[in-house]
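Asks: Here it is: the structure, laid out below.
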Amino acid sequence: MTQRMAPRRADRMTTRRPLSLSALLLPLFGRGGPPPAHSFALTPMMSIGGVDLSERWTQLVTEGHIVATTSLKDDEDSSELQVAYGVKFQEDNLIEFVSIVDETGASPHRERIQGINETLTAAQRGNADDAVQCVYDGPYVAQLQLVRTLRPKRSTSMSSEATRSRCTPPPYDPSIDSFVVGPLRLYGESGEFHGEGRPRELAARLKVDRGEGWPSYWDVFHNVSPVDPRGHYLLLPANVDERHGPAWRDQSLSPTDCYDLMFLASTIEPEGSSVITFNSVGAGASQNHIHCHLWHNPPIPLAGRSCYAALQAEAEASFTIHEGLSISLLDYPCTCIKVSSSYSDAADRPASLHLASSALSKIVSLAQDKELPHNVALINHLDSRNGGVDAYVFFRRSEASKKIAGGFRGGGSEVLGLMHSTSKEQLDALAVEGTMECILDDFSFKPRHEMWEEVKHAYNSQSSIVEPRN
């Protein structure tokens, strides 16, 4: 029987950290070191496709773009509370904020907003006793993020039980796509179809060299409710070239998407400093429009401590497809297949990426064919000799776990090992020893060796197999 990573009792603790990030960020800047003392751009280096997104994040925050509003209504007494939330600078620190913009009647939501404000205000004062809370259990961590309770709801088409139990998206319909319609849209000028106001500020457009004579492009937008106040972006295929197929389409990965994401991950600088994630339908996706996430690695709760639990997991079984390209079954509570590519020379990078993306696409297709919800995470690496990209595909049976009262839903961050808690009660439940590992196990497709056999069969591979440990 396989022995998984056991949470270490000595590592289980509850800590509270302020969102003052200076001490956490020093090891994460680029090779030039931290910015000069007069600079207030205290964001870790985040570069992808040759674009400095850390500098862009500073600009977006400074110009007030990382702000959203929401309306909290009560049907019983017709009261309404208009709330603004987002990220801003206070001195040299990036902080989350929430404020009441307008109120009609005596809203029962006021107390909730005041509670969030008290937590954030304590963090701004540097009061470590009441700042953002984290709990650790072995390699797993949970973080209290009250502001994310205000983020937009998932689209109606993604809310049914039938949709959340499988990865097949509903038919794509631009008229109900919140990325192109409504006040929080990414695309589309004002008008009868798109709605009033202006679309979200485009942060960047990234070029992907496919080696076919023409490139593809991916648009970068800030996430309206970032999981990390230092920077959290959405990546979407740009609607600029129909030769690559429609950019506005459902939330499923195509083979060309897999190549593009491998390519983009290979350009992350400093190496390993950011992670790209994809959530399928039924595995955390809330909008039926093809998109991925980009955020800092390590996340704030793990800065100066460790890396994501999934990145620590060892291979239980593996085989080599090609020199510099291997596939592994990880010894991890949520079934995970890892595609690991490496190249020793920059000239070998294009061929390596094509082979690795083909492997990734084949494994994603296995999940799609079985209608299994899945998450994908990609991160690049550089050891003493080789560069490369690692891709992790997590096979799910469900989006939610019932291991704690009220249930717990998770996406890419959660399967990597960082759980986002939306209440203190939920955080307390996650703090119970072994709970986070049980939740990952509850998310997981089982038996995982069945999926491993499918992967091996897809490659007709019997060689270079490392047999599962007893």
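The values are calculated or read from the model by the stated rules, or taken from the named source; none is laboratory data. Keep in mind that what you see is a predicted model, and the values were worked out from it rather than measured. With ideal geometry, Cβ positions are generated from the backbone for all residues, glycine too; neighbour counts draw on all protein chains shown. In case anyone asks, the SASA skips ligands and DNA or RNA and just uses the protein heavy atoms, side chains included. Shrake-Rupley method; radii C 1.70, N 1.55, O 1.52, S 1.80 Å.
Asks: In region 275-305, which residues are within 14 Å of the chain's Cα centre (by Cα), outside any loop (DSSP other than H, G, I, E, B) and more than 19 Å from S357 (Cα to Cα)?
Replies: Passing the criteria: W295, H296, I300.
Asks: Okay, next question. Of the residues that make up region 258-271, is at least one closer than 22 Å to D441 by Cβ and either under 16 Å from the mean Cα position of the chain (by Cα) or modelled with pLDDT under 95 (or both)?
Replies: So in region 258-271, the residues closer than 22 Å to D441 by Cβ come out as none.
No, that holds for no residue.
Asks: Take the residues in region 74-98 that are exposed (fewer than 14 other Cβ atoms within 10 Å of the Cβ) and free of Cβ contacts under 8 Å to residues at least 24 places away in the same chain, then tell me which one is nearest to R200 (Cα to Cα).
Replies: Step one: of region 74-98, the residues exposed (fewer than 14 other Cβ atoms within 10 Å of the Cβ) are 75-78, 90-91.
Within this subset, residues satisfying the condition of being free of Cβ contacts under 8 Å to residues at least 24 places away in the same chain are 75-76.
On the way: D75: 30, E76: 33 Å.
Ranking the candidates gives D75 first.
Asks: Could you tell me whether E371 is touching a residue at least 60 places away in the same chain (Cβ under 8 Å) and open to solvent by 50 Å² or more (accessible area, probe 1.4 Å)?
Replies: Yes, satisfied.
Asks: Checking the conditions here, which among E450, E414 is among the charged types (D, E, K, R), at pLDDT below 95 and outside any strand (DSSP E or B)?
Replies: Within the list E450, E414, the selection yields E450.
Asks: If a residue must be crowded, with 18+ Cβ neighbours inside 10 Å, part of a helix (DSSP H, G or I) and out of contact with any helix residue (DSSP H, G or I) (no Cβ under 9 Å at 6 or more places or on another chain), how many such residues does region 306-319 contain?
Replies: Result for region 306-319: 0.
Asks: Hey, can you tell me all the residues within region 394-411 that are outside any loop (DSSP other than H, G, I, E, B), touching a residue at least 60 places away in the same chain (Cβ under 8 Å) and buried (at least 24 other Cβ atoms within 10 Å of the Cβ)?
Replies: Hits for region 394-411 are F394, F395, R396.
Asks: Does any residue of region 375-387 turn out to be open to solvent by 30 Å² or more (accessible area, probe 1.4 Å), in a helix (DSSP H, G or I) and not acidic (D, E)?
Replies: Among the residues of region 375-387, not one is open to solvent by 30 Å² or more (accessible area, probe 1.4 Å), in a helix (DSSP H, G or I) and not acidic (D, E), which makes the answer no.
Asks: Could you give every pair whose Cβ atoms fall below 9 Å, whose first residue belongs to region 216-236 and is basic (K, R), and whose second residue is surrounded by 22 or more Cβ atoms within 10 Å (Cβ to Cβ) and in a strand (DSSP E or B), counting only separations of at least 6 or pairs across chains?
Replies: Final answer for the pair search is R230/V87; R230/L94; R230/H296.
Asks: If you go through region 166-173 one residue at a time, do you hit one that is part of a loop (DSSP other than H, G, I, E, B) and at pLDDT below 90?
Replies: yes
Asks: Which residues, counting only those in region 246-272, are more than 15 Å from L206 (Cβ to Cβ) and either aliphatic (A, V, I, L, M) or in contact with a Phe, Trp or Tyr (Cβ under 9 Å, 6 or more places away or on another chain) (or both)?
Replies: P246, W248, R249, D250, Q251, L253, P270
Asks: Any chance region 132-150 includes a residue that's modelled with pLDDT under 85, buried (at least 18 other Cβ atoms within 10 Å of the Cβ) and of a type in the set (S, T, Y)?
Replies: Checked against the condition, which is being modelled with pLDDT under 85, buried (at least 18 other Cβ atoms within 10 Å of the Cβ) and of a type in the set (S, T, Y), region 132-150 yields no hits at all.
Asks: Let me ask something else about it. Please enumerate the residues belonging to region 336-349 that are over 14 Å from E323 (Cα atoms) and in a helix (DSSP H, G or I).
Replies: Hits for region 336-349 are A346, A347.
Asks: Exactly one of (1) in contact with a helix residue (DSSP H, G or I) (Cβ under 9 Å, 6 or more places away or on another chain); (2) part of a strand (DSSP E or B); (3) open to solvent by less than 10 Å² (accessible area, probe 1.4 Å) is unmet by F221. Its number?
Replies: It is condition (1) that F221 fails.
Asks: Can you confirm whether region 320-339 contains a residue that is touching a helix residue (DSSP H, G or I) at 6+ places or on another chain (Cβ under 6 Å), buried (at least 21 other Cβ atoms within 10 Å of the Cβ) and free of Cβ contacts under 8 Å to residues at least 60 places away in the same chain?
Replies: yes
Asks: Sticking with this structure for a sec: Do we find that A391 is among the hydrophobic types (A, V, I, L, M, F, W, C) and open to solvent by 70 Å² or more (accessible area, probe 1.4 Å) in this structure? Talk me through it step by step, then tell me what you get.
Replies: Details: among the hydrophobic types (A, V, I, L, M, F, W, C): yes; open to solvent by 70 Å² or more (accessible area, probe 1.4 Å): no.
Spelling it out, it is not the case that A391 is among the hydrophobic types (A, V, I, L, M, F, W, C) and open to solvent by 70 Å² or more (accessible area, probe 1.4 Å).
Asks: Sticking with this structure for a sec: Suppose we keep only residues that are buried (at least 24 other Cβ atoms within 10 Å of the Cβ) and touching a helix residue (DSSP H, G or I) at 6+ places or on another chain (Cβ under 6 Å) within region 245-263. Which one would you say is nearest to I290 (Cα to Cα)?
Replies: Checking each candidate, the answer is C258.
Asks: Of the residues that make up region 68-88, is at least one more than 30 Å from S444 (Cα to Cα), of a type in the set (D, E, K, R), modelled with pLDDT of 85 or more and not in a strand (DSSP E or B)?
Replies: No, there is no match, as no residue in region 68-88 is more than 30 Å from S444 (Cα to Cα), of a type in the set (D, E, K, R), modelled with pLDDT of 85 or more and not in a strand (DSSP E or B).
Asks: Here's another thing I want to ask about it. Check H293 against each of (1) surrounded by fewer than 21 Cβ atoms within 10 Å (Cβ to Cβ); (2) touching a strand residue (DSSP E or B) at 6+ places or on another chain (Cβ under 7 Å); (3) not charged (D, E, K, R) and name the one condition it does not meet.
Replies: Going through (1) surrounded by fewer than 21 Cβ atoms within 10 Å (Cβ to Cβ); (2) touching a strand residue (DSSP E or B) at 6+ places or on another chain (Cβ under 7 Å); (3) not charged (D, E, K, R) one by one, H293 breaks only (1).
Asks: Right, here's the next one. Among the residues of region 194-218, what is the count of those that are in contact with a His (Cβ under 9 Å, 6 or more places away or on another chain), closer than 14 Å to L53 by Cβ and part of a strand (DSSP E or B)?
Replies: Here the count works out to 1.
Asks: Yes or no: region 418-426 includes at least one residue that is buried (at least 23 other Cβ atoms within 10 Å of the Cβ) and at pLDDT 95 or above.
Replies: Yes, some residue in region 418-426 is buried (at least 23 other Cβ atoms within 10 Å of the Cβ) and at pLDDT 95 or above.
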